[in-house]
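K.L.:
My questions all concern the structure below.
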Amino acid sequence: MTVAISIRDLHKTYANGFQALKGISLEVEQGDFFALLGPNGAGKSTTIGVISTLVKRSAGDVQVFGKNVDTHVYETKLDLGVVPQEINFNQFEKVQDIVITQAGYYGLPRKQAQERAETYLRKLGLWEKRNDRSRSLSGGMKRRLMIARALAHEPRLLILDEPTAGVDIELRRSMWEFLTEINASGTTIILTTHYLEEAEQLCRNIAIIDEGLIIENTNMKKLLTELDSQTFIFDSVATISESPQLALDNVCVRKVDDKSIEVTVSHGRNINEVFAALGDKGIIVSSMRNKTNRLEQLFLSRLNENGAK
Amino acid sequence: MFSDHRYIAFETIVIKEVRRFSRIWLQTLVPPAITIGLYFVIFGNLVGRRIGEMGGFQYMEFIVPGLIMMSVIQNSYSNVVSSFFSQKFQKTVEELLVAPVPNYVILSGVIVGGMARGLAVGVIVTTMSLFFADLSIQYPLITVLTILLTSMLFSLMGFINAVFANSFDDISIIPTFILTPLIYLGGVFYSVQLLPSFWQIVSGLNPIFYMVNTFRYGILGSSDVNVYWAFLILGVFIVGLYTSCIWLLRNGNGIRS
């Protein structure tokens, strides 16, 4: 399998002495949908900045599709599309002109650039706004415009730095569908996000970065199996008088309110046994849901472990 | 000079720059036309009639080349400094930096954008001057070459100013405190022959003095300086500034962290 991006022992110390990256090594395979997670200030945006050459690294090596970013500047930049965290297009330019100009920077002739702009503005639902000044767009539209701009030269690797920040849930889901679609068509995607549900739904592999170091780098499914326990909220059809005591090991039950209970089930415990035990106590479950996102639980536990070291 | 994709990138930058100053023409093209028009009316027409001749020409004829040059210098400089600083300030420069555009293409595009505005204003001012003076260009090649090189030189200076500027105040300090005095003392309104010998030597240290006089030589056929010497000075400044700009871009000063 071809490696889309390979980072070796990346260090970055800013002029004020802050050490943002302390030796990161990472590989993302071609075609992957990869999540790069971490708390604020962990080093995610610095890593993206180094890959896109906006941040000068202090040490280390970056290769895009097997080519060094220093020695193969043209080829590696051509393979890369970046959607930054902050809005960074000219707010006085027309929507269509922003995409066409970006395509021009990548050497696309004007006619082809116009066609690409139409393709991606249509796909991202911005075609009707093509002649509007970009400052008149809503926050979600501005985010989509940055995605259209990054795709104008059809890169093989797309890096998105919190693309759905501040975007409403309906729009976020439509962006997920779009990203899933372009990933299925062969574009490798690296995503940073604070919405862990988003990472869990979209990404196949994951790295967690904290204080400038990678503290976890694994397959998403494998990571989720490492959960020690899961907590569910069960809604009851009838009123629950008191917290039911279940005769099951590794299951903890707590009443939340008159019609719902919180059940913590340890890893390996069959959840059907919980339903059966609740039925014995006369509790008929009408619905259930995870109390917190599974990845969120793991993410916080990894950060706590790293903080304790 | 450029391969295909690089030429397209260069053309894209130039189009973007020209579109920018054309979109805000009320701020970029009209004010210099009004200012220079007032110079023509007040200094050239009203005051100039009382002055009589300067350097062997009617005062109006004498100041026209200097005023055209002044408008080209100021507008080339201010276009680049304001455009590139705004891109830096709004982070839109990142669009260019992540793309496979070599530094010399970025610099060439921005500089040609600055020259385009300087020359556009120059054409407007020249057209206006025809209402006040009969201009017959004596040496067209020297005239065109001087205006192009001067415009390029001050676009490069504007770029350096933009790279080092950290606030909008920083982009007005050099035009106000350095550029304007050098232009006014560069022989736009008077012949250096009028000055005492000490101040004639001091004027010789002002590079704008050579540009104004070479341009005046191209139009009127008369100059206070040696034209070849002036071109040499222009060439040295351009090479020095261009090298500095490329170094700043490569080093990422003010644009890469």
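K.L.:
Kindly indicate whether any position in region A:130-142 is closer than 26 Å to A:LEU37 by Cβ, more than 14 Å from every other protein chain (Cβ to nearest Cβ), surrounded by 15 or more Cβ atoms within 10 Å (Cβ to Cβ) and charged (D, E, K, R).
P.N.:
no
K.L.:
Just give me the residues in region A:106-129 being among the basic types (Lys, Arg), more than 14 Å from every other protein chain (Cβ to nearest Cβ) and either in contact (Cβ under 8 Å) with a residue 40 or more places away in the chain or closer than 20 Å to B:PHE10 by Cβ (or both), in sequence order. Don't jump to the end; show me each part of the working.
P.N.:
First, pick out the residues of region A:106-129 that are among the basic types (Lys, Arg): A:110-111, A:116, A:122-123, A:129.
If we keep only those that are more than 14 Å from every other protein chain (Cβ to nearest Cβ) as well, we get A:122-123, A:129.
A:LYS123 - this is the single residue of region A:106-129 that is among the basic types (Lys, Arg), more than 14 Å from every other protein chain (Cβ to nearest Cβ) and either in contact (Cβ under 8 Å) with a residue 40 or more places away in the chain or closer than 20 Å to B:PHE10 by Cβ (or both).
K.L.:
Now for a separate question. Assuming A:SER286 fulfils every condition listed in (1) modelled with pLDDT under 75; (2) part of a strand (DSSP E or B); (3) not aromatic (Phe, Trp, Tyr) apart from one, which condition is it?
P.N.:
(1)
K.L.:
If I filter region A:20-35 for residues that are in contact with a helix residue (DSSP H, G or I) (Cβ under 6 Å, 6 or more places away or on another chain), small (Gly, Ala, Ser), outside any loop (DSSP other than H, G, I, E, B) and more than 13 Å from chain B (Cβ to nearest Cβ), do I get at least one hit?
P.N.:
Checked region A:20-35: at least one residue is in contact with a helix residue (DSSP H, G or I) (Cβ under 6 Å, 6 or more places away or on another chain), small (Gly, Ala, Ser), outside any loop (DSSP other than H, G, I, E, B) and more than 13 Å from chain B (Cβ to nearest Cβ).
K.L.:
Within region A:88-105, how many residues turn out to be surrounded by 24 or more Cβ atoms within 10 Å (Cβ to Cβ) and within 7 Å of chain B (Cβ to nearest Cβ)?
P.N.:
Counting residues in region A:88-105 that are surrounded by 24 or more Cβ atoms within 10 Å (Cβ to Cβ) and within 7 Å of chain B (Cβ to nearest Cβ) gives 5.
K.L.:
Give the residues of region B:1-10 that are open to solvent by 70 Å² or more (accessible area, probe 1.4 Å), more than 8 Å from every other protein chain (Cβ to nearest Cβ) and at pLDDT 85 or above, sorted by residue number.
P.N.:
Quick first cut of region B:1-10, residues open to solvent by 70 Å² or more (accessible area, probe 1.4 Å) only: B:1, B:4, B:6-7.
Add one more test, that the residue is more than 8 Å from every other protein chain (Cβ to nearest Cβ), and what stays is B:1, B:7.
Result: B:TYR7, single match.
K.L.:
Let me confirm something: among B:GLU61, B:GLU53, which residue is at pLDDT below 90 and over 22 Å from the mean Cα position of the chain (by Cα)?
P.N.:
Details: B:GLU61 fails: over 22 Å from the mean Cα position of the chain (by Cα).
From the options B:GLU61, B:GLU53, the qualifying one is B:GLU53.
K.L.:
OK, next. Out of (1) within 13 Å of chain B (Cβ to nearest Cβ); (2) open to solvent by 50 Å² or more (accessible area, probe 1.4 Å), the odd one out for A:GLY41 is which?
P.N.:
All conditions are met except number (1).
K.L.:
Going residue by residue through region B:94-103, is there one that turns out to be in contact with a Cys (Cβ under 9 Å, 6 or more places away or on another chain), at pLDDT below 95 and within 14 Å of chain A (Cβ to nearest Cβ)? I'd like the intermediate steps shown before the answer.
P.N.:
If we filter region B:94-103 for residues that are in contact with a Cys (Cβ under 9 Å, 6 or more places away or on another chain), which is where we start, we get B:103.
Filter once more, so that each one left must be at pLDDT below 95: B:103.
Next, only the ones that are within 14 Å of chain A (Cβ to nearest Cβ) stay: B:103.
Yes, there is a match, as at least one residue in region B:94-103 is in contact with a Cys (Cβ under 9 Å, 6 or more places away or on another chain), at pLDDT below 95 and within 14 Å of chain A (Cβ to nearest Cβ).
K.L.:
Out of all the residues in region A:173-198, which are farther than 25 Å from A:GLN30 by Cβ and in contact with a Pro (Cβ under 9 Å, 6 or more places away or on another chain)?
P.N.:
A:HIS194
K.L.:
Those residues that are more than 14 Å from chain A (Cβ to nearest Cβ), closer than 22 Å to B:ASN166 by Cα, touching a residue at least 24 places away in the same chain (Cβ under 8 Å) and surrounded by fewer than 17 Cβ atoms within 10 Å (Cβ to Cβ), I need them from region B:233-257; list them, please.
P.N.:
B:SER244, B:ILE246
K.L.:
Which of the residues spanning region A:242-255 are assigned to a strand (DSSP E or B) and open to solvent by 70 Å² or more (accessible area, probe 1.4 Å)? It would help to see each step written out before you state the result.
P.N.:
Step one: of region A:242-255, the residues assigned to a strand (DSSP E or B) are A:251-255.
If the condition is that a residue be assigned to a strand (DSSP E or B) and open to solvent by 70 Å² or more (accessible area, probe 1.4 Å), then A:CYS252, A:ARG254 are the ones that fit.
K.L.:
Among residues belonging to region B:16-46 that are within 14 Å of chain A (Cβ to nearest Cβ) and aromatic (Phe, Trp, Tyr), point out the one that is most open to solvent (accessible area, probe 1.4 Å).
P.N.:
That would be B:TRP25.
K.L.:
Among the residues of region A:204-222, how many are within 14 Å of A:ASP32 (Cα to Cα) and open to solvent by less than 10 Å² (accessible area, probe 1.4 Å)?
P.N.:
The qualifying residues number 3.
K.L.:
Quick check, is B:ILE13 touching a residue at least 24 places away in the same chain (Cβ under 8 Å), of a type outside the set (S, T, N, Q), within 11 Å of chain A (Cβ to nearest Cβ) and not in a strand (DSSP E or B)?
P.N.:
Numbers: touching a residue at least 24 places away in the same chain (Cβ under 8 Å): yes; of a type outside the set (S, T, N, Q): yes; within 11 Å of chain A (Cβ to nearest Cβ): yes; not in a strand (DSSP E or B): yes.
Spelling it out, B:ILE13 is indeed touching a residue at least 24 places away in the same chain (Cβ under 8 Å), of a type outside the set (S, T, N, Q), within 11 Å of chain A (Cβ to nearest Cβ) and not in a strand (DSSP E or B).
K.L.:
Being within 14 Å of chain A (Cβ to nearest Cβ) and either in contact (Cβ under 8 Å) with a residue 24 or more places away in the chain or more than 27 Å from B:THR214 (Cβ to Cβ) (or both), is that true of even one residue in region B:50-65?
P.N.:
Taking region B:50-65 and keeping what is within 14 Å of chain A (Cβ to nearest Cβ), we get none.
No, there is no match, as no residue in region B:50-65 is within 14 Å of chain A (Cβ to nearest Cβ) and either in contact (Cβ under 8 Å) with a residue 24 or more places away in the chain or more than 27 Å from B:THR214 (Cβ to Cβ) (or both).
K.L.:
Right, next: Right, B:ILE73: open to solvent by less than 10 Å² (accessible area, probe 1.4 Å), more than 13 Å from chain A (Cβ to nearest Cβ), within 23 Å of B:THR243 (Cβ to Cβ) and not small (Gly, Ala, Ser) or not?
P.N.:
So B:ILE73 passes the test.
K.L.:
Filter region B:173-226 down to the residues that are of a type in the set (S, T, N, Q) and either open to solvent by 50 Å² or more (accessible area, probe 1.4 Å) or not in a helix (DSSP H, G or I) (or both) and list them by number.
P.N.:
B:THR176, B:SER191, B:GLN193, B:SER197, B:GLN200, B:ASN206, B:SER222, B:SER223, B:ASN226
K.L.:
Pull out all pairs, ordered by first then second residue, where Cβ-Cβ is under 6 Å, the residues are six or more apart or on different chains, the first lies in region B:104-128 and is among the hydroxyl-bearing types (Ser, Thr, Tyr), and the second is open to solvent by 10 Å² or more (accessible area, probe 1.4 Å) and assigned to a helix (DSSP H, G or I).
P.N.:
Here the result reads B:SER108/B:PHE10, each pair linking region B:104-128 to a residue that is open to solvent by 10 Å² or more (accessible area, probe 1.4 Å) and assigned to a helix (DSSP H, G or I).
K.L.:
Taking only region A:106-116 into account, find how many residues are of a type outside the set (Lys, Arg) and surrounded by fewer than 15 Cβ atoms within 10 Å (Cβ to Cβ). Walk me through it before giving the result.
P.N.:
Taking region A:106-116 first, the residues of a type outside the set (Lys, Arg) are A:106-109, A:112-115.
Going one step further and asking which of them are surrounded by fewer than 15 Cβ atoms within 10 Å (Cβ to Cβ), we end up with A:109, A:115.
Total meeting the criteria: 2.
K.L.:
If you scan region A:154-200, which residues turn out to be part of a helix (DSSP H, G or I) and of a type in the set (Val, Ile, Thr)?
P.N.:
A:ILE169, A:THR180, A:ILE182
K.L.:
Give A:THR53, A:THR76, A:THR47 a once-over and let me know the one that is of a type in the set (Val, Ile, Thr) and on the phi > 0 side of the Ramachandran plot.
P.N.:
Details: A:THR76 fails: on the phi > 0 side of the Ramachandran plot; A:THR47 fails: on the phi > 0 side of the Ramachandran plot.
Sole residue among the options that is of a type in the set (Val, Ile, Thr) and on the phi > 0 side of the Ramachandran plot: A:THR53.
K.L.:
Using the structure shown, decide if A:SER25 is open to solvent by 10 Å² or more (accessible area, probe 1.4 Å) and either more than 22 Å from A:THR187 (Cβ to Cβ) or within 21 Å of the chain's Cα centre (by Cα) (or both).
P.N.:
It is true that A:SER25 is open to solvent by 10 Å² or more (accessible area, probe 1.4 Å) and either more than 22 Å from A:THR187 (Cβ to Cβ) or within 21 Å of the chain's Cα centre (by Cα) (or both).
The values are calculated or read from the model by the stated rules, or taken from the named source; none is laboratory data. Quick caveat: nothing in here was measured; it's all calculated off a predicted structure. In this analysis, Cβ positions are derived from the backbone assuming ideal geometry, glycine residues included, and neighbour counts consider all displayed protein chains. Areas reflect the complete protein model, heavy atoms only, side chains present, ligands, DNA and RNA absent. Shrake-Rupley method; radii C 1.70, N 1.55, O 1.52, S 1.80 Å.
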